[in-house]
Amino acid sequence: MATQYRSEQLEKAFAALSKNYRGLDVDLYAVSREKRKSTPVMEGDFMASLSVPTHAGQRHSHPTYAVFKYNDIKSVLQDAATFTSGFIAKGLGTFFGGDGLIIIAMDGDQHRKARGLLQPVFTPQSVNPWRAEIERSIREEFIAPLVPNKRADLMDFALYFPIRVIYALIGFPQENIGDFYEYAAMGLAILAGPKNDPAEEEAARQNAVAASQGLYDAVIKLVAQRRAEGAGGDDLISRLIRAEFEDRRLDDMEIATFVRSLVAAGGETTTRTFSSVMTLLLQRPELVARVRDDRSLVPKLIDEAIRFEPTSTVKVRQAARDVEIGGVKIPQGALVQCVIASANRDEEIFENADEFDIDRKLKPSFTFGYGPHMCIGQFVAKLELSAAVNAVLDLFPNVRLDPDQPAPEIQGGQLRGASSIPVIWD
């Protein structure tokens with residue numbers, strides 16, 4: 001990769017974020033399998049037992065339950081009236097300063113209206129015009145310069161290309177490309193805010209709020225500039241300025257705070273997902289050959305990878321009333337941890353659930369969420385992932401794992417992914 005793309009600050013921030021959510025070195029899937037059999041709805045903080053912080057923050061005093069089976073989790077995620085998300089504003093939301101359009105922390109009519117404004121910008125039809133630029137950027141700027149080297153660590157560019165893409169789509173000036181990665185480092189500092197130790201969390205909160213403000217200041221200037229220019233472009237900010245739902249439009253602060261949260265989450269999750277997709281593919285040379293010869297399999301590869309190894313292993317909701325899940329009474333106010341990694345391998349739903357099989361009959365996994373809070377940026381992420389996988393297969397002939405380097409390993413109690421994928425090619 002060209003040297004101008006390196007950012008020590010970004011790489012340190014990504015490593016710190018991974019460390020923050022890694023938790024104990026246990027087999028998450030084996031633990032989840034046992035829970036599905038013995039305690040499908042568990043009283044207690046499952047993620048804390050793995051030393052993994054959650055979006056709720058560590059200062060809450062709510063009882064906590066964990067849910068492990070697919071159908072139970074589906075019922076939670078699709079019922080946003082009973083299982084709400086507003087508590088996130090008091091947890092992760094405080095690291096964003098607590099103000100503005102934090103859609104993952106919204107409930108009810110507020111969420112419906114915000115989603116109505118944002119959703120049309122991220123439909124497959126809306127994001128498809130970005131395809132050519134995404135493919136060009138990944139191929140020409142990141143992968144082609146590596147071709148003569150005959151070897152690389154895929155993670156050396158995997159951290160950078162999603163950030164490069166999202167910032168271009170947002171509409172940041174192309175000549176300031178180096179700033180992209182510093183903004184992204186700010187975003188990762190925000191995500192790394194929640195801690196298990198309250199003393200550590202308060203220090204992290206101060207750092208994250210400062211980073212959040214710096215990121216907001218950069219974005220709000222661009223929003224004001226685009227609005228002054230008439231917002232006629234195809235970039236994300238111009239689209240958001242033009243968005244209208246039920247006779248309402250977004251103001252500058254709402255756009256800036258939404259884009260800020262997108263910056264924080266939109267890059268690193270794609271990086272981690274790419275790392276899992278490529279690890280699972282390259283571990284299977286016969287599958288590499290199949291996919292190389294038939295690119296219609298790339299979407300199936302991606303869908304199976306995100307089922308088998310979800311980047312986000314848990315999604316948390318709060319009970320708005322006394323309710324029952326799987327025969328267990330959940331009191332009003334309790335936090336409910338939906339263990340996505342467990343649901344995605346529920347043997348009652350997925351045949352041979354612990355096998356990686358791109359030919360399996362497609363059923364919805366919960367990696368991108370489910371119900372009203374389904375990930376709004378999933379189509380952009382899949383477009384980036386598809387472009388990156390195809391570019392690697394096209395430009396690195398006979399790409400394979402480097403036998404002289406340690407094999408890649410997907411790790412993490414939350415924010416799972418591989419930290420290194422050494423490869424060689426002909």
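The values are calculated or read from the model by the stated rules, or taken from the named source; none is laboratory data. Predicted model only: the values in this text are computed from it and were never measured. Cβ: placed from backbone, ideal geometry, glycine included. Neighbour counts: every protein chain shown. To get the accessible areas, we keep the full protein, side chains included, count just its heavy atoms, and leave off ligands, DNA and RNA. Shrake-Rupley method; radii C 1.70, N 1.55, O 1.52, S 1.80 Å.
Listed here are the residues, each with its yes/no results for (1) closer than 20 Å to residue 304 by Cα; (2) at pLDDT below 95; (3) not β-branched (Val, Ile, Thr).
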| site | (1), (2), (3) |
| --- | --- |
| 348 | yes, no, yes |
| 359 | yes, no, yes |
| 379 | yes, yes, yes |
| 385 | yes, no, yes |
| 401 | no, no, yes |
| 414 | yes, yes, yes |
| 418 | yes, no, yes |
| 421 | yes, no, no |
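If residue 387 satisfies all but one of (1) over 26 Å from residue 76 (Cα atoms); (2) open to solvent by 30 Å² or more (accessible area, probe 1.4 Å), what's the number of the condition it fails? Every listed condition holds for residue 387 apart from (2).
When the residues of region 247-271 are filtered to those that are open to solvent by 30 Å² or more (accessible area, probe 1.4 Å) and within 27 Å of residue 309 (Cα to Cα), the one that is nearest to the chain's Cα centre (by Cα) is 269.
Put simply, of 380, 336 the only residue that is touching a strand residue (DSSP E or B) at 6+ places or on another chain (Cβ under 6 Å), touching a residue at least 24 places away in the same chain (Cβ under 8 Å) and either part of a strand (DSSP E or B) or among the hydrophobic types (A, V, I, L, M, F, W, C) (or both) is 336. Test each condition in (1) open to solvent by 20 Å² or more (accessible area, probe 1.4 Å); (2) assigned to a loop (DSSP other than H, G, I, E, B) for residue 394 and report the one that comes out false. Looking at each condition in turn, residue 394 falls short on (2).
If the condition is being hydrophobic (A, V, I, L, M, F, W, C) and more than 19 Å from residue 297 (Cα to Cα), then region 340-372 contributes 340, 341, 343, 349, 350, 353, 366, 368. Scanning region 224-245 for residues that are touching a residue at least 24 places away in the same chain (Cβ under 8 Å), in a helix (DSSP H, G or I) and under 22 Å from residue 111 (Cα atoms) gives 236, 237, 238, 239, 240.
One line per residue, one yes/no per condition, for (1) touching a residue at least 24 places away in the same chain (Cβ under 8 Å); (2) in contact with a Ser or Thr (Cβ under 9 Å, 6 or more places away or on another chain); (3) open to solvent by 10 Å² or more (accessible area, probe 1.4 Å); (4) of a type in the set (Lys, Arg):
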position: 149; (1), (2), (3), (4): no, no, yes, no
position: 160; (1), (2), (3), (4): yes, yes, no, no
position: 168; (1), (2), (3), (4): yes, yes, yes, no
position: 172; (1), (2), (3), (4): yes, no, yes, no
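Could you grab the pairs with beta carbons closer than 6 Å, sequence gap of 6+ or different chains, first residue in region 44-62 and closer than 17 Å to residue 83 by Cα, second one modelled with pLDDT of 85 or more and not β-branched (Val, Ile, Thr)? Pairs that qualify, where the first residue is closer than 17 Å to residue 83 by Cα and the partner is modelled with pLDDT of 85 or more and not β-branched (Val, Ile, Thr), are 54/47; 56/335; 62/333; 62/334; 62/335. Report, by residue number, each residue of region 277-318 that is among the charged types (D, E, K, R), part of a helix (DSSP H, G or I) and either in contact with a Phe, Trp or Tyr (Cβ under 7 Å, 6 or more places away or on another chain) or open to solvent by less than 10 Å² (accessible area, probe 1.4 Å) (or both). Selection gives 304, 307. Only one of the listed residues (210, 204) is hydrophobic (A, V, I, L, M, F, W, C) and at pLDDT 70 or above. That residue is 210. Residues in region 404-426 that are surrounded by 14 or more Cβ atoms within 10 Å (Cβ to Cβ) and assigned to a loop (DSSP other than H, G, I, E, B): 405, 407, 408, 412, 413, 414, 415, 416, 419, 420, 421, 425. Each residue in region 114-147 was checked for being touching a helix residue (DSSP H, G or I) at 6+ places or on another chain (Cβ under 7 Å), closer than 23 Å to residue 422 by Cα and surrounded by fewer than 16 Cβ atoms within 10 Å (Cβ to Cβ), and 2 pass. On the stretch given as region 246-269, residues that are without any contact (Cβ under 8 Å) to a residue 40 or more places away in the chain and at negative phi total 2.
Selection of region 155-180 for residues being at pLDDT 75 or above and either within 18 Å of residue 275 (Cβ to Cβ) or of a type in the set (S, T, N, Q) (or both) yields 155, 156, 157, 158, 159, 160, 161, 162, 163, 164, 165, 166. Taking the criterion of being among the small types (Gly, Ala, Ser) and touching a residue at least 60 places away in the same chain (Cβ under 8 Å), the residues of region 339-355 that qualify are 341, 342, 343.
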